[in-house]
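Asks: Structure incoming, see below.
The values are calculated or read from the model by the stated rules, or taken from the named source; none is laboratory data. Everything numeric here is computed off the predicted structure, so don't read it as measured data. Every residue, glycine as well, gets a Cβ built from its backbone with ideal geometry; the counts of neighbours run over all protein chains shown.
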Amino acid sequence: MNRLNFLPHRKRRQQQQKQRYQLLLASIFATGIALVLVMLLFMDTRQTQQRKRTQILQLAHVRLDQQLDRKTQLLQQIDALKQQLEELDLLQQQRNDTVTLLEELARHTPDGITLDSLRQDATHLSLHGHARAHQDIIHLLAKLNEAGSFGLMKIRHIAQTSHGHDFIMTSSHSAEEIEP
């Protein structure tokens, strides 16, 4: 019988299989490395995009903060202007009240009385003057009390002088009581 040796053939086939296996292993390894590199590149791109979005949001946030600060400043300025307007209105009203007070005094002051000073502090009114006769002072007091726009007038002081009588009258009134 002839003896055939198939071992070299098997050996070649084993080497070919080993080469194919190594080639397949190398190609899988290369493909894995390529996938990892592609994923790293993709993740880096995503991170860069996310950083850009974050910067845009931060800039928008800063702009909004600036707008809010500006709005707050404007509201404070508006409040300050409103307060100044209220103060001006109050001063105008007080000016009108003073004119009304002087008109009322001129209407109700009888002849023979000279007013030397008039002092108004908040709701307190004080009249200093000179009269020829005592009856003129009483007549002025009665007229001012009848008018009602001065509150209840009271005589605080009367002094007789060589030219007549000096007097001081006081009253507590409010600006709302004075009617034009």
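Asks: Among the residues of segment 163-180, how many are out of contact with any helix residue (DSSP H, G or I) (no Cβ under 8 Å at 6 or more places or on another chain) and at pLDDT 85 or above?
Replies: Just the residues of segment 163-180 that are out of contact with any helix residue (DSSP H, G or I) (no Cβ under 8 Å at 6 or more places or on another chain), to begin with: 163-164, 166, 168, 170, 172-174, 176-177.
Add one more test, that the residue is at pLDDT 85 or above, and what stays is 164, 166, 168, 170.
Of the residues in that region, 4 qualify.
Asks: Report yes if LEU90 is under 30 Å from SER149 (Cβ atoms) and either at pLDDT 95 or above or of a type in the set (A, V, I, L, M, F, W, C) (or both), otherwise no.
Replies: Judged against the criteria, LEU90 is a match.
Asks: I'd like to check something: does segment 132-151 contain any residue that is touching a Phe, Trp or Tyr at 6+ places or on another chain (Cβ under 7 Å), within 27 Å of VAL99 (Cβ to Cβ) and crowded, with 19+ Cβ neighbours inside 10 Å?
Replies: yes
Asks: For segment 152-166, name all the residues that are surrounded by fewer than 16 Cβ atoms within 10 Å (Cβ to Cβ) and touching a strand residue (DSSP E or B) at 6+ places or on another chain (Cβ under 9 Å).
Replies: Once the filter is applied, which keeps residues that are surrounded by fewer than 16 Cβ atoms within 10 Å (Cβ to Cβ) and touching a strand residue (DSSP E or B) at 6+ places or on another chain (Cβ under 9 Å), segment 152-166 yields LEU152, LYS154, ILE155, ARG156, HIS157, ILE158, ALA159, GLN160, THR161, HIS163.
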